[in-house]
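The values are calculated or read from the model by the stated rules, or taken from the named source; none is laboratory data. Just so it is clear, the structure is predicted and the values come from calculations on it, not from any experiment. Methodologically, a virtual Cβ is constructed for each residue, glycine included, from the backbone with ideal geometry; neighbour enumeration extends over all protein chains shown.
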Amino acid sequence: MKTPRHVKANSQSPPPRDPRRASRAKKPGRAASPPSPPPSPPGHSAPNAPQAVHGALPPAHGGTAAYLYAVCAWPPPWLRDTAKSNVSLPPGVGDPPRDVTALVFQDLAALISRVNPAAIGAAHGVRSLRRDMKAHANVLNRLVALGGTLLPATFGLIFPHAALLSARFLQPQYATLSTHLKRLHDAVEVTLKVTWPEQQALQQVVAESPDLAAAMSRPARSLDAKIELGKRVSQALRLKRDREAESIVRALSPAVRQARLNDPGSDTTVLSASLLVPRPTLPRFDKLLETIAAAAGPRLQFDCVGPLPPYSFADLRL
């Protein structure tokens, strides 16, 4: 069960990957991230001072704990867009939830909210944990929908107070954070899972290999012979799966900046990948995926979700 991390002054351990929940599409195309309410622009304040993103939230100074959602380039494009001047972020984690604020250092900002650490996570039961995880995801999903470059934080990352976050995180890691944000510039994550019906895949493998078809048509002479035939079939399926996965990733590459391949996890999974897609190429990505799915027909099923915060590409260390 997920529990919050409390960051101490000397913390250097890497954060775990952020959990995420998203509905899946059973047809080609991307399933949109869950909608969440839109952020009213923060007022101008001195560097390193938290700025209210919506509502009149006092700065989170002193001993107030700060919950971290993400680091972003500052100011974000939606803040400069007069057409979006009245948008607002959803409330943050905790009960009662607090507004999200921006802790600005030079051209970066940590998006945070004030919290009572004892009230976050699993300490108050599964419902409270789900509430906070949903609130965390809603904030990030809305930020993605608004646009801009985002470096998402893992769920449950709490600093004792905002001043420590700035002094021990934003300022000393400014160069590293800037490098990450440049790498992720104006890009989002799209997850793609491709599966095949196992029986159909087996039939295709046998049809493509005369030797394997001949071996399967003969009765096995011994248990060892059956085991050996099973190994041959399994190897043939793996090779075919790898070819299919490589072909799909290669076909999508004109619209993808970076791809991370995950462990398929089952014999029916052809491809499980996290893709970093620049926003301007999302329409092209959709068209390429539709073309690939149409060519594959019923032998492959495509399950694509996005745009999401680039969780899989946020190589952030504290």
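The table below lists the values:
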quantity	calculated
Members of segment 168-198 found to be of a type in the set (Gly, Ala, Ser) and either surrounded by 15 or more Cβ atoms within 10 Å (Cβ to Cβ) or in contact with a Pro (Cβ under 8 Å, 6 or more places away or on another chain) (or both), listed by number	Ser178, Ala187
Residue in segment 173-186 that is out of contact with any Phe, Trp or Tyr (no Cβ under 9 Å at 6 or more places or on another chain) and modelled with pLDDT under 70 present	no
Any chance Phe155 is assigned by TED's automatic domain parsing to the domain that holds Val93 and part of a loop (DSSP other than H, G, I, E, B)	yes
Selection status of Ala118, of a type outside the set (Asp, Glu), part of a helix (DSSP H, G or I) and modelled with pLDDT under 90	yes
Long-range neighbours under 8 Å by Cβ, at least six apart or interchain, first residue within 10 Å of Arg98 (Cα to Cα) within segment 111-128, second of a type in the set (Val, Ile, Thr) and at pLDDT 85 or above	Ile112/Val100; Ile112/Thr101; Ser113/Val93; Ser113/Val100; Ser113/Thr101; Arg114/Thr101; Val115/Val93; Val115/Ile158
Leu129 vs. criteria surrounded by fewer than 24 Cβ atoms within 10 Å (Cβ to Cβ), modelled with pLDDT under 90 and of a type in the set (A, V, I, L, M)	yes
Residue tally, condition on the phi < 0 side of the Ramachandran plot and in a loop (DSSP other than H, G, I, E, B), over segment 123-152	1
